[in-house]
Every structure is written in C-alpha cells, then in structure tokens.
1. Restricting to DSSP loop positions (anything but H, G, I, E, B) with no more than 10 other Cβ atoms inside 10 Å of their own Cβ, which trypsin sites (Lys or Arg not before Pro) remain in region 29-102?
2. Just to be sure I understand the model, the point goes 7 Å from the Cα along the line to the Cβ. What's the resulting residue 204 to residue 113 distance in nm?
3. So if I take the centroid of the Cα atoms in region 111-143 and the same for region 15-71, what is the distance between those two points in Å?
4. With charges only on Cβ, +1 for K and R and -1 for D and E, what is the dipole size of region 56-134 about its Cα centre, in debye, rounded to 20?
5. Among the chymotrypsin sites (Phe, Trp or Tyr not before Pro) within region 110-214, which fall in a DSSP loop and have no more than 14 other Cβ atoms within 10 Å of their own Cβ?
6. Relative contact order, percent, of region 89-143 when contacts are C-alpha pairs under 8 Å separated by at least 6 residues?
7. Can you give the extra length, in nm with one decimal, that the chain gains between residue 137 and residue 33 once fully stretched, where that is 0.36 nm per residue apart less the Cα-Cα distance?
8. Report the gain in length on full extension from residue 187 to residue 175: 0.36 nm times residue separation, minus Cα-Cα distance, nm rounded to one decimal.
Amino acid sequence: MKFFIDTAEVKEIKEAASMGLVDGVTTNPSLVAKSGRKFKDVLLEICDLVKGPVSAEVVSTNYDGMMKEAREYAALRNNIVVKIPLIAEGLKAVRTCHEEGIKTNVTLCFSATQALLAAKAGASYISPFVGRLDDVSTNGMQLISEIVQIYDNYNFETEVLVASVRSPMHVHEAAMLGAHVATCPLSVLLQLCKHPLTDLGLAKFLSDWEKVPK
Ligand code: G3P
C-alpha cells in the first residue's frame, strides 16, 4: 500500500519523507491557500523533493480551461498528476489527458458510480473522500469497499486513492480492503505509529536500564 501525504507544506513533506512515508503528495486549492505561497513555487519545490506522483489540482470548471491547466502542469515535471474534479467536463478532460499520456487524479468522488465513470474515462487515480462522507453520516469506507470491488470486477487499472483521511482507522480499513493508496495529513501519519503500550514499554525498558551496573 502506498502512502501519500495530503499537504502543501514542504516542512511536513520533509518530516514524513524522513520516516519513509512519502510515496507521493496530494494538494488541493484549500491546502495551497493554507500554505500562503504561490502554487507554482510550492509545486516545483515539492517535485524537487519527491520522486513519486505529485497531484496538482485544476481550478477551471470547463473542458478547455482544464486542458490548458493540465497541459501546463504536465509540462512542468514528469511526476505531476493533474487533479480534476468529478464533473462531466472533468471526465472529458480526463479522457483527453489519458489519450495524451497525462496522468490524472479524479477528485471529489462521493459515489461508486462516479468512480466507475472516472475509471472508464481513463483516470490514473480516483479520490473518494471518506472523511467528508462520514461527516454527513454516510459510511466512507463502505464506498471504498464498493469501488475496490467494481474495479476488480472489470480489471480497471485506476488506482483507489483514499482521500479525506481523518484517523488511523481509515488507513487500517483502507489497507484491509486493498486500496492502492491512502493520502493522509501529517497528523494522521504520526498517529499511526503511536501506541500507549509502546510508550509504556519504552519507559519501563529505560528505567530498568538505569539499574544495570555501569
Ligand atoms: O485532498 C483532498 C482531501 O484529502 C481533503 O481532505 O480533510 O479536507 O476532507 P479533507
């Protein structure tokens, strides 16, 4: 299973990468706004740090605008994946990107049928937002299970990229379901390695070590 980090903060990417937890990076307009920096500057800096796929989201909502942005991003670095919203115009852009060899991450997916359309259009990744579904009393992980099954049934190559991850349980379930990727904020990546018994055990080992004659 691949771990991407969901951030536009270079410092966070470096921290996660030092633990070997950055197979790729996802960004979105909200995360870029939070960074307070110009997107192109951040994007290039991230691409210089990370060899894996780096998602850059388009902000146009029509086919021509999306394709213009997609071609511009794709020309910047060969690990850039163009993030495209799951709307009808977006699917047209995904299809053209697929024909042109531009990798895409189809975002804002909230249903299994949306995911099916994205795969048929040739998406490289589908991003179902599990946390936002949980927020509206709908089981986000159930959606992942359905998409994994549908993609399996028809041998789609589109990778399931679990997004809007809010807790270690999302990552655990994603891994159990065989999702290809989970994109997590740094806070979740750090939570994943925590266990109270590890902390207690370490404290005990260290206090016992004090008793060892030196
Ligand atoms: O990059 C998309 C995604 O992971 C959004 O997460 O927490 O804003 O729902 P969140």
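Each value in this text was obtained by applying a stated rule to the coordinates, not by laboratory testing. Keep in mind that this is a model prediction, so the values were computed, not measured. Counting neighbours? That spans all protein chains shown, and the Cβs are built from the backbone with ideal geometry, glycine included.
1. On the way: sites: 34, 37, 38, 40, 51, 68, 71, 77, 83, 92, 95; in loops: 37, 38, 51, 77.
Those that pass, being in a loop and sparsely packed, are 38.
2. That separation, rounded to one decimal, is 5.5 nm.
3. That distance is 20 Å.
4. On the way: 9 positive and 8 negative charges, 26 e Å.
Computed about the Cα centre, the dipole is about 120 debye.
5. Working: sites: 110, 125, 129, 151, 154, 156, 205, 209; in loops: 110, 154, 156.
Those satisfying the criteria are 154.
6. 33 percent
7. Numbers: separation 104, 0.36 × 104 = 37.44 nm, distance 2.78 nm.
Stretched out fully, the residue 137 to residue 33 stretch lengthens by 34.7 nm.
8. Working: separation 12, 0.36 × 12 = 4.32 nm, distance 1.82 nm.
Fully extending the segment from residue 187 to residue 175 adds 2.5 nm.
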